[in-house]
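The values are calculated or read from the model by the stated rules, or taken from the named source; none is laboratory data. Predicted, not measured: the structure shown is a model, and the values here were computed from it. Cβ placement follows ideal geometry from the backbone for every residue including glycine, while neighbour counts extend to all protein chains displayed.
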Amino acid sequence: MCCKYHVEPNGYFEELARQAQRTTLASPYQIQEGHVLHSGDVGPGNVVPVLSSNKAGNPIAFFMYWGFRAQNGSLLINARSETAAQKPMFSEPWARHRCIIPASWYYEWEHFPQPDGSYKKGGKFSIQPTGLDRTYLCGIYRIERNFPRFAILTRAPGPSVAAIHDRMPLILPESQIHAWIDPKSDPAQVAAHALTDMICERLDPPTDQLSL
């Protein structure tokens with residue numbers, strides 16, 4: 001899963017924020033809730049620049065809120081890519097409303113299975129594609145209360161992530177961004193290009209190395 005990611009402040013992300021600001025001012029959307037973030041750690045409920053397509057089918061940045069609002073008021077921040085097409089809440093966004101959430105890396109915490117079926121949380125890692133300084137997270141979006149909201153898609157982990165968690169975000173190379181956000185493309189075919197070779201950097205020491 002993915003519940004937090006990080007954006008390093010640099011020219012690329014600053015330009016995304018400027019473009020999203022111009023797009024929002026020229027659109028009927030109004031930011032009604034959520035804290036707008038251009039850089040730093042991003043979590044559910046934040047409003048961030050996200051790449052989607054304009055009417056001409058070209059990539060353009062929009063501000064979007066992280067999390068679909070469920071009927072009980074909770075936020076749905078992730079969707080399984082394997083089943084999104086069959087879920088009532090996700091099927092139309094999967095087919096027509098796809099987006100890319102640019103990040104520097106995402107965070108994950110170790111999950112250790114317990115005998116009762118639950119998981120014990122372990123150390124924190126930053127994770128990004130090997131050899132790349134940008135992480136293009138795949139998402140889907142929909143309009144709620146006249147503002148777009150996104151959820152990040154997940155998949156089974158690659159070998160480098162499997163020891164940490166049993167899920168990872170669906171991440172694409174830059175060359176597949178246009179295909180992913182194109183509403184005429186087949187998302188399952190584009191998702192086949194997903195990156196799974198990740199660099200996982202531990203951000204805190206293992207619990208057995210902590211002093212008591």
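When Pro59, Pro102, Pro88, Pro93 are screened for being within 30 Å of Leu25 (Cβ to Cβ) and surrounded by fewer than 18 Cβ atoms within 10 Å (Cβ to Cβ), only Pro59 passes. Residues to consider are Gly139, Gly117; find the one that is among the small types (Gly, Ala, Ser), within 17 Å of Trp66 (Cβ to Cβ) and either surrounded by fewer than 18 Cβ atoms within 10 Å (Cβ to Cβ) or in contact with a Cys (Cβ under 9 Å, 6 or more places away or on another chain) (or both). Answer to the selection: Gly139. Among the conditions (1) in contact with a Leu (Cβ under 8 Å, 6 or more places away or on another chain); (2) assigned to a helix (DSSP H, G or I), His193 misses just one, which is (2).
Residue-wise test of (1) in contact with a helix residue (DSSP H, G or I) (Cβ under 8 Å, 6 or more places away or on another chain); (2) modelled with pLDDT under 95.
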| residue | (1), (2) |
| --- | --- |
| Pro173 | no, no |
| Ile177 | no, no |
| Trp180 | yes, no |
| Lys184 | no, yes |
| Ala194 | no, no |
| Met198 | yes, no |
| Glu201 | no, no |
| Pro206 | no, yes |
| Leu212 | no, yes |
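Among residues of segment 123-139 that are under 14 Å from Thr196 (Cβ atoms), those with a Cβ under 6 angstrom from a residue that is surrounded by fewer than 21 Cβ atoms within 10 Å (Cβ to Cβ) and among the acidic types (Asp, Glu), sequence gap 6+ or separate chain, pair up as Thr130/Asp197.
Could you please find all residues in segment 115-159 being among the polar types (S, T, N, Q) and within 17 Å of Asn78 (Cα to Cα)? Hits for segment 115-159 are Thr135, Thr154. Evaluate the following for Ala194: is it at negative phi and without any contact (Cβ under 8 Å) to a residue 24 or more places away in the chain? It is false that Ala194 is at negative phi and without any contact (Cβ under 8 Å) to a residue 24 or more places away in the chain.
Of all the criteria given as (1) within 19 Å of Lys4 (Cβ to Cβ); (2) surrounded by fewer than 16 Cβ atoms within 10 Å (Cβ to Cβ), the one not satisfied by Phe68 is (2).
When segment 1-37 is filtered for residues that are under 15 Å from the mean Cα position of the chain (by Cα) and assigned to a loop (DSSP other than H, G, I, E, B), the ones remaining, listed by number, are Met1, Cys2, Cys3, Lys4, Leu37. Just to be sure, is Ala163 out of contact with any strand residue (DSSP E or B) (no Cβ under 7 Å at 6 or more places or on another chain), modelled with pLDDT of 95 or more and not acidic (Asp, Glu)? Considered against the rule, which asks whether it is out of contact with any strand residue (DSSP E or B) (no Cβ under 7 Å at 6 or more places or on another chain), modelled with pLDDT of 95 or more and not acidic (Asp, Glu), Ala163 comes out as no.
One residue alone among Gly34, Gly40, Gly45 is crowded, with 16+ Cβ neighbours inside 10 Å, free of Cβ contacts under 8 Å to residues at least 40 places away in the same chain and either touching an Asp or Glu at 6+ places or on another chain (Cβ under 7 Å) or not hydroxyl-bearing (Ser, Thr, Tyr) (or both), and that residue is Gly34.
Considering segment 41-94, and only residues there that are part of a strand (DSSP E or B) and of a type in the set (S, T, N, Q), the residue that is farthest from the chain's Cα centre (by Cα) turns out to be Ser53.
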